[in-house]
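**Student:** Handing you a structure now.
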Amino acid sequence: MQTKIPFISDDEVKKLLPLSEAIELMKKAFVQITNKTVTIPQRINLEMPEVSADSLIMPVYSSDDTNYGVKIVSLNRDNPAKDLPFIHALMILFDSENGKPLAILDAENLTAIRTGAASGLATKLLSVPDASTVAIFGAGIQAKYQLKAICKFREIKKVFVFEKKLKKSEVFKKEMERKLGITIQISDDQNVLKDVQIICTATTSSVPVFDDKCISGGTQINAIGSYKSLKREIPTETVKRSSVFVDSKDACLKEAGDLIIPIEEGNDINLIEIGEVLQ
């Protein structure tokens with residue numbers, strides 16, 4: 001007799017997976033990717049131009065575990081104008097030994113927690129130890145977890161948020177100042193980037209979100225928004241003069257416009273996997 005498959009809500013996910021634990025899990029995941037002990041097929045990108053949306057289907061299996069999972073993410077570009085989340089997502093967990101479905105998870109926060117944990121770990125490994133200033137491009141759920149994760153490893157005192165929608169920026173500022181006890185300034189002046197030590201780009205942009213001339217040497221950038229070969233947040237000039245660290249070389253060379261576009265322009269970019277740094 002088929003038993004009822006449990007559904008784990010967004011609130012339950014946040015309780016079951018605190019950011020600090022997610023960061024530890026990402027350490028393991030990055031090493032597994034580099035050592036190729038985990039199977040991650042290239043994700044399926046189901047394009048739906050008639051409704052200005054994409055759906056990403058992402059399966060994963062690790063031989064170290066007895067389960068496998070499939071995450072389905074909906075990205076609806078018109079949603080923010082309707083006061084709806086840009087991302088909706090579900091994760092389905094299966095028993096790999098018998099194929100039994102074990103659970104269905106609301107994965108909106110799960111996606112943001114995982115991505116924030118990855119950037120937090122990268123910040124710990126790659127940013128200057130005394131970093132105290134951050135610039136965030138975007139003010140959605142992803143941006144919130146990016147900032148939370150960074151603050152776990154660096155004594156952040158000042159944050160600049162760049163977001164086209166003023167109301168969204170104000171909500172972000174109020175919430176994150178209260179939760180993190182730091183000062184956040186809403187800005188559209190890219191000159192402030194010259195004194196920023198960490199930048200996070202969490203947008204849906206198809207073109208670079210800042211001018212390379214505003215970026216000082218030694219700045220650490222967490223770029224998470226690009227998921228297609230033609231989408232990018234980082235200018236070619238910045239990529240060319242950077243040491244580039246990625247989660248998976250194979251995936252990034254197929255999907256990340258931030259890297260694919262500069263390479264197609266004739267630039268030679270040396271990629272290093274975070275898993276290599278951790279070993």
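The values are calculated or read from the model by the stated rules, or taken from the named source; none is laboratory data. Quantities reported herein were computed from a predicted structural model and do not represent experimental measurements. All Cβ positions, even for glycine, are placed from backbone atoms using ideal geometry, and neighbour counts span all protein chains on display. Each accessible area value is taken on the protein alone, full model and side chains, heavy atoms only, with ligands, DNA and RNA left out. Shrake-Rupley method; radii C 1.70, N 1.55, O 1.52, S 1.80 Å.
**Student:** Anything in the range 31-45 that is assigned to a strand (DSSP E or B), touching a Leu at 6+ places or on another chain (Cβ under 8 Å) and open to solvent by less than 90 Å² (accessible area, probe 1.4 Å)? List them, or say none.
**Tutor:** Of everything in the range 31-45, just one residue is assigned to a strand (DSSP E or B), touching a Leu at 6+ places or on another chain (Cβ under 8 Å) and open to solvent by less than 90 Å² (accessible area, probe 1.4 Å), namely ASN45.
**Student:** Considering only residues that are under 19 Å from LYS144 (Cβ atoms), touching a residue at least 24 places away in the same chain (Cβ under 8 Å), open to solvent by 30 Å² or more (accessible area, probe 1.4 Å) and of a type outside the set (Gly, Ala, Ser), which ones fall in the range 13-30?
**Tutor:** Of everything in the range 13-30, those that are under 19 Å from LYS144 (Cβ atoms), touching a residue at least 24 places away in the same chain (Cβ under 8 Å), open to solvent by 30 Å² or more (accessible area, probe 1.4 Å) and of a type outside the set (Gly, Ala, Ser) turn out to be LYS14, LEU17.
**Student:** Sticking with this one: Would you mind stating whether LYS124 is assigned to a helix (DSSP H, G or I), modelled with pLDDT under 95, open to solvent by 50 Å² or more (accessible area, probe 1.4 Å) and out of contact with any strand residue (DSSP E or B) (no Cβ under 8 Å at 6 or more places or on another chain)?
**Tutor:** No; evaluated as a whole, the condition is false for this residue.
**Student:** Conditions: (1) open to solvent by 50 Å² or more (accessible area, probe 1.4 Å); (2) acidic (Asp, Glu); (3) in contact with an Asp or Glu (Cβ under 9 Å, 6 or more places away or on another chain); (4) within 19 Å of LYS124 (Cβ to Cβ). GLU276 meets all but one. Number of the miss?
**Tutor:** (3)
**Student:** From the list LYS148, LYS174, LYS152, LYS179, which residue is more than 22 Å from ARG114 (Cα to Cα) and surrounded by fewer than 21 Cβ atoms within 10 Å (Cβ to Cβ)?
**Tutor:** After applying the criteria, what remains is LYS174.
**Student:** Working carefully through the options MET48, MET1, MET91, find the one that is hydrophobic (A, V, I, L, M, F, W, C), surrounded by fewer than 16 Cβ atoms within 10 Å (Cβ to Cβ) and modelled with pLDDT of 95 or more.
**Tutor:** Only one candidate passes the filter, namely MET48.
**Student:** Is it true that some residue in the range 68-76 is modelled with pLDDT of 95 or more, over 17 Å from the mean Cα position of the chain (by Cα), of a type in the set (Gly, Ala, Ser) and not in a loop (DSSP other than H, G, I, E, B)?
**Tutor:** yes
**Student:** For the range 140-157, which residues satisfy the criterion of being within 19 Å of ALA89 (Cα to Cα) and not charged (D, E, K, R)?
**Tutor:** Once the filter is applied, which keeps residues that are within 19 Å of ALA89 (Cα to Cα) and not charged (D, E, K, R), the range 140-157 yields GLY140, ILE141, GLN142, ALA143, TYR145, GLN146.
**Student:** With the checklist (1) open to solvent by 60 Å² or more (accessible area, probe 1.4 Å); (2) within 22 Å of LYS164 (Cβ to Cβ); (3) at pLDDT 95 or above in hand, flag the one item CYS200 doesn't pass.
**Tutor:** Among (1) open to solvent by 60 Å² or more (accessible area, probe 1.4 Å); (2) within 22 Å of LYS164 (Cβ to Cβ); (3) at pLDDT 95 or above, the lone unmet condition for CYS200 is (1).
**Student:** Let me ask something else about it. Pick from ASP268, ASP258, ASP189, ASP211: which is touching a strand residue (DSSP E or B) at 6+ places or on another chain (Cβ under 9 Å), among the acidic types (Asp, Glu) and open to solvent by 20 Å² or more (accessible area, probe 1.4 Å)?
**Tutor:** None of the others qualify; the one that does is ASP189.
**Student:** Look through ALA131, ALA118 and report the one residue that is in a loop (DSSP other than H, G, I, E, B) and either open to solvent by less than 10 Å² (accessible area, probe 1.4 Å) or within 27 Å of SER9 (Cα to Cα) (or both).
**Tutor:** Answer to the selection: ALA131.
**Student:** Every residue in the range 51-64 that is open to solvent by 70 Å² or more (accessible area, probe 1.4 Å) and either under 14 Å from LEU93 (Cα atoms) or of a type in the set (Phe, Trp, Tyr) (or both), please.
**Tutor:** TYR61, the sole residue that qualifies.
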